[in-house]
Amino acid sequence: RRKGFKIVQLLVDKEELEKRNKQRIENEGYEDHSQWFESMLRYQKEIKEQGLVDLIIKTNKPVEEIAQELINFLDKV
């Protein structure tokens, strides 16, 4: 941070992880990744609570909205 970089966390909640996982298994031939969801969510929470994140963007919305949030944040930096 002292060198000017920012950390943006793209937050995916458990329901969205499950939805995406199911879709990928059924339509894209992926393996089931649900066994890692709890640890992924725990890690997201930990880095937020440690103050390591400058911006959190919830990703349960269109990509265009996510991109606009990121652009707005970077314009202020």
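The values are calculated or read from the model by the stated rules, or taken from the named source; none is laboratory data. Since the model is a prediction, treat every value here as computed from it, not as a measurement. Positions of Cβ are generated from backbone atoms using ideal geometry, with glycine treated the same way; all protein chains shown enter the neighbour counts. Side chains included, ligands, DNA and RNA excluded: accessible areas come from the protein's heavy atoms. Shrake-Rupley method; radii C 1.70, N 1.55, O 1.52, S 1.80 Å.
Yes/no matrix, rows are residues, columns are (1) open to solvent by less than 80 Å² (accessible area, probe 1.4 Å); (2) of a type in the set (A, V, I, L, M, F, W, C); (3) not in a helix (DSSP H, G or I):
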{"residue": "ARG20", "(1), (2), (3)": "yes, no, no"}
{"residue": "GLN23", "(1), (2), (3)": "yes, no, no"}
{"residue": "ASN27", "(1), (2), (3)": "no, no, no"}
{"residue": "SER39", "(1), (2), (3)": "yes, no, no"}
{"residue": "GLN44", "(1), (2), (3)": "yes, no, no"}
{"residue": "LEU52", "(1), (2), (3)": "yes, yes, yes"}
{"residue": "LYS61", "(1), (2), (3)": "yes, no, yes"}
{"residue": "GLU64", "(1), (2), (3)": "no, no, no"}
{"residue": "LEU70", "(1), (2), (3)": "yes, yes, no"}
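Does segment 16-25 include one or more residues that are among the β-branched types (Val, Ile, Thr) and more than 17 Å from the chain's Cα centre (by Cα)? Yes.
Of note, GLN9 satisfies the criterion of being surrounded by 13 or more Cβ atoms within 10 Å (Cβ to Cβ) and assigned to a strand (DSSP E or B). Give ASP75, ASP32 a once-over and let me know the one that is among the acidic types (Asp, Glu), out of contact with any Cys (no Cβ under 6 Å at 6 or more places or on another chain), on the phi < 0 side of the Ramachandran plot and surrounded by 10 or more Cβ atoms within 10 Å (Cβ to Cβ). Selected residue: ASP32, the only one of ASP75, ASP32 that is among the acidic types (Asp, Glu), out of contact with any Cys (no Cβ under 6 Å at 6 or more places or on another chain), on the phi < 0 side of the Ramachandran plot and surrounded by 10 or more Cβ atoms within 10 Å (Cβ to Cβ).
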